[in-house]
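Student: Structure incoming, see below.
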Amino acid sequence: MKEDVIIIGGGAAGLCAAVAIRQKAPGMSVRLLEALPRVGKKLAMTGNGRCNITNRHIRPERYHGRHPDFAAYALEKYDNAGCEAFFGAIGVPFVYEGEKAYPASFQAASVVDCLRFAVQESGVTVCTETKVTGIQLSGGGYKVITEKAAFYADRVILAAGLLSGGDSVGCDGSILQLMKAAGFKTVPLFPAIVQIKTETDVVRQLKGVKIEAGVRLCAGGKTLREDRGETLFCDYGLSGPPILQVSGALAGRNEPCTVCLDLAPDQSFEELLSALERRATHLQNRLLDEFFTGMLPKRIGQVLIKQASLGLHEPVSALREGDLRKLAALIKKWSFRVTGTTGFANSQVTAGGLDTTEFDPKTMMCKSSANLYAIGEILDIDGDCGGFNLRWAWSSALCAAEHIAAGGRYADFK
Ligand SMILES: Cc1cc2nc3c(=O)[nH]c(=O)nc-3n(C[C@H](O)[C@H](O)[C@H](O)COP(=O)(O)OP(=O)(O)OC[C@H]3O[C@@H](n4cnc5c(N)ncnc54)[C@H](O)[C@@H]3O)c2cc1C
């Protein structure tokens, strides 16, 4: 039996595409193949279980890859209002917390449930525990080989994600490997939205300490990416939202990189130096190990004193102007040499993937293989932290679904 559409991967993008095709073209048969025993396993973990479903400030500049502009058309065509309309119709209204949108339930599992119900209600055939191991051209369509059986379809959508989240959420990159072996161009993979490993002598002493900081990822004297927010010291390096946010800029870099923390992001160097001079005057009777107490987390203050080669048991009155300059410089630009990341299993998204030059940005269809589509993370598009990646999954899925439901009539290749 030949289906109209086979979707490989029952994650965010695959589920969304399956529902949307059947909504727009109820006569089309759709089969969804998922390797794991259940669909949406990674989606259920998103946003710390709350599912940060999109962001108010979606802009192409917040996306990365060799050709990030590839994402622009889909993001505009299926904007937040378009995605809200899709999710509203399957029972998931959005609410905003600042710039981030969530399901009104604040439960990622409920988003999976509603997608699952919609898939069932719309008559999509779902095959779980069905890992795809091969895709071949067959009689004007495709033969999709799995560990259990072969399936045939006129159109195939690749929605199998990449490596982020690890094997337990089905992310082994197997479909990318199949495509690569078939001659498709791919961009090397790197973990993004991930903790950064640094030299550990300092961070280990501060394990568990959090501080609001400006964070810059630098290489060769240039800032690669920057952000600001609560930064966490860990035994392996640095974590926290701004670290995750800048981490993607490490993708593909061979040169030495550093993370520079600004622990006084609202003050200029001169303002900070004046404040330290006043502090030194007021607190003359203290020892240096308490000099920063009240201004910075105590352990950070003590480590800074040691980093400036000052004695913790010296009196504050012994500080000279040069010492205060050294401390102010450390506070404004505390540098940590990057040694890596905590890897794909801990990352929220994978940079790299199928080269987007081989796909049409309006329909997500492959330019060289008619009726083969790719959506979501498997393409070389990764977004910032904060709802950008799920939004790419929804928008790319809805574009592909629209094109397929219209019988491929909107092909508009350049
Ligand atoms: C811990 C965590 C938290 C996150 N939080 C957020 C967030 O709050 N907001 C946000 O925007 N993004 C978040 N992300 C990123 C987001 O989850 C992904 O961008 C999104 O899930 C990608 O969707 P996808 O459908 O392309 O791939 P996936 O969701 O990865 O789905 C791919 C599916 O394909 C299946 N599959 C793979 N290979 C095969 C095969 N050979 N045969 C059959 N099936 C296969 C997999 O089992 C999987 O179910 C988070 C990611 C993680 C890991």
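The values are calculated or read from the model by the stated rules, or taken from the named source; none is laboratory data. Bear in mind that the values here come from a model prediction, so they are computed numbers and not experimental data. Using ideal geometry, Cβ is built from the backbone for each residue, glycine included, and neighbour counts are taken over all protein chains shown.
Student: So is residue 195 surrounded by fewer than 18 Cβ atoms within 10 Å (Cβ to Cβ) and not hydrophobic (A, V, I, L, M, F, W, C) or not?
Tutor: Values: surrounded by fewer than 18 Cβ atoms within 10 Å (Cβ to Cβ): no; not hydrophobic (A, V, I, L, M, F, W, C): yes.
So residue 195 fails the test.
Student: Something else: Could you please find all residues in segment 70-99 being of a type in the set (Ser, Thr, Tyr) and within 15 Å of the ligand (Cβ to nearest atom)? Before the answer, list the steps.
Tutor: We begin by selecting, within segment 70-99, every residue of a type in the set (Ser, Thr, Tyr); these are 73, 78, 96.
Listed by number, the residues that qualify are 78, 96.
Student: Still on this model: Given the residues 340, 353, which is the only one that is farther than 23 Å from residue 398 by Cβ, part of a strand (DSSP E or B) and either in the same structural domain as residue 185 (by TED's automatic domain parsing) or modelled with pLDDT of 95 or more (or both)? First the steps, then the outcome.
Tutor: Values: 353 fails: farther than 23 Å from residue 398 by Cβ.
Checking each option against the conditions leaves just 340.
Student: Have a look at 311, 383, 322 and point out the one that is within 16 Å of the ligand (Cβ to nearest atom) and among the small types (Gly, Ala, Ser). Before you say what the answer is, go through the steps one by one.
Tutor: Details: 311 fails: within 16 Å of the ligand (Cβ to nearest atom); 322 fails: within 16 Å of the ligand (Cβ to nearest atom).
383 is the lone residue from the list that is within 16 Å of the ligand (Cβ to nearest atom) and among the small types (Gly, Ala, Ser).
Student: OK, next. Does segment 31-46 hold any residues that are among the hydrophobic types (A, V, I, L, M, F, W, C), out of contact with any Ser or Thr (no Cβ under 6 Å at 6 or more places or on another chain) and not in a loop (DSSP other than H, G, I, E, B), and which are they? Break it down into steps so the answer makes sense when it comes.
Tutor: Taking segment 31-46 first, the residues among the hydrophobic types (A, V, I, L, M, F, W, C) are 32-33, 35-36, 39, 43-45.
So of that shortlist, the ones also out of contact with any Ser or Thr (no Cβ under 6 Å at 6 or more places or on another chain) come out as 32, 35-36, 39, 43-45.
Within segment 31-46, 32, 43, 44, 45 meet the criteria.
Student: Out of the residues in segment 117-168 that are more than 12 Å from the ligand (Cβ to nearest atom) and closer than 25 Å to residue 103 by Cα, state the one that is surrounded by the most Cβ atoms within 10 Å (Cβ to Cβ).
Tutor: 119
Student: Within segment 286-323, track down each residue that is within 19 Å of residue 233 (Cα to Cα) and part of a helix (DSSP H, G or I).
Tutor: If the condition is that a residue be within 19 Å of residue 233 (Cα to Cα) and part of a helix (DSSP H, G or I), then 298, 299, 300, 301, 302, 303, 304, 305, 306, 307 are the ones that fit.
Student: Continuing with this model, one more query. If you take the residues in segment 169-183 that are more than 10 Å from the ligand (Cβ to nearest atom) and free of Cβ contacts under 8 Å to residues at least 24 places away in the same chain, which one is surrounded by the fewest Cβ atoms within 10 Å (Cβ to Cβ)? Break it down into steps so the answer makes sense when it comes.
Tutor: Quick first cut of segment 169-183, residues more than 10 Å from the ligand (Cβ to nearest atom) only: 179-183.
Now drop any that are not free of Cβ contacts under 8 Å to residues at least 24 places away in the same chain, which leaves 180-181, 183.
On the way: 180: 13, 181: 9, 183: 7.
Out of the qualifying residues, it is 183.
Student: So, one more: Does segment 47-69 contain at least one residue that is closer than 23 Å to residue 349 by Cα, in contact with a strand residue (DSSP E or B) (Cβ under 6 Å, 6 or more places away or on another chain), more than 13 Å from the ligand (Cβ to nearest atom) and part of a loop (DSSP other than H, G, I, E, B)?
Tutor: yes
Student: Being closer than 22 Å to residue 79 by Cβ, among the aliphatic types (A, V, I, L, M) and more than 10 Å from the ligand (Cβ to nearest atom) is the filter here, so list the residues in segment 13-46 that pass it. It would help to see each step written out before you state the result.
Tutor: Start the filter on segment 13-46 by keeping residues that are closer than 22 Å to residue 79 by Cβ, which leaves 13-21, 23-24, 43, 46.
Still in the running and among the aliphatic types (A, V, I, L, M): 13, 15, 17-21, 43.
Those that are closer than 22 Å to residue 79 by Cβ, among the aliphatic types (A, V, I, L, M) and more than 10 Å from the ligand (Cβ to nearest atom): 18, 19, 20, 21.
Student: Could you please find all residues in segment 268-309 being hydrophobic (A, V, I, L, M, F, W, C) and more than 41 Å from the chain's Cα centre (by Cα)? It would help to see each step written out before you state the result.
Tutor: Of all residues in segment 268-309, those hydrophobic (A, V, I, L, M, F, W, C) come to 269, 272-273, 275-276, 280, 283, 287-288, 291-292, 295-296, 300, 303-305, 308.
Within segment 268-309, 280, 283, 287, 288 qualify.
Student: May I ask you to list the residues in segment 1-14 that are under 23 Å from residue 150 (Cβ atoms) and part of a helix (DSSP H, G or I)?
Tutor: If we filter segment 1-14 for residues that are under 23 Å from residue 150 (Cβ atoms), which is where we start, we get 1-11, 14.
Result: 14, single match.
Student: I've got another one for you. Take segment 239-285 and flag every residue that is under 30 Å from residue 347 (Cβ atoms) and in a helix (DSSP H, G or I).
Tutor: 241, 242, 243, 244, 245, 246, 247, 248, 249, 250
Student: Look at residue 369 and say whether it is in the same structural domain as residue 138 (by TED's automatic domain parsing), in a loop (DSSP other than H, G, I, E, B) and in contact (Cβ under 8 Å) with a residue 24 or more places away in the chain.
Tutor: yes
Student: Same structure again: In segment 372-392, which residue that is in contact with a Gly (Cβ under 7 Å, 6 or more places away or on another chain) and in a loop (DSSP other than H, G, I, E, B) is nearest to residue 304 (Cα to Cα)?
Tutor: Top of the filtered list is 381.
Student: Among the strands (runs of 3 or more DSSP E) confined wholly to segment 101-181, which include 3 or more residues that are under 28 Å from the mean Cα position of the chain (by Cα), under 17 Å from residue 17 (Cβ atoms) and not basic (Lys, Arg)?
Tutor: Working: elements: 125-127, 132-138, 141-146, 150-158.
Because the criterion is at least 3 residues that are under 28 Å from the mean Cα position of the chain (by Cα), under 17 Å from residue 17 (Cβ atoms) and not basic (Lys, Arg), the strands (runs of 3 or more DSSP E) in segment 101-181 that meet it are 150-158.
Student: Looking at 294, 340, which one is under 24 Å from residue 231 (Cβ atoms), of a type in the set (Gly, Ala, Ser), in contact with a Lys or Arg (Cβ under 8 Å, 6 or more places away or on another chain) and surrounded by fewer than 17 Cβ atoms within 10 Å (Cβ to Cβ)?
Tutor: Values: 294 fails: in contact with a Lys or Arg (Cβ under 8 Å, 6 or more places away or on another chain).
After applying the criteria, what remains is 340.
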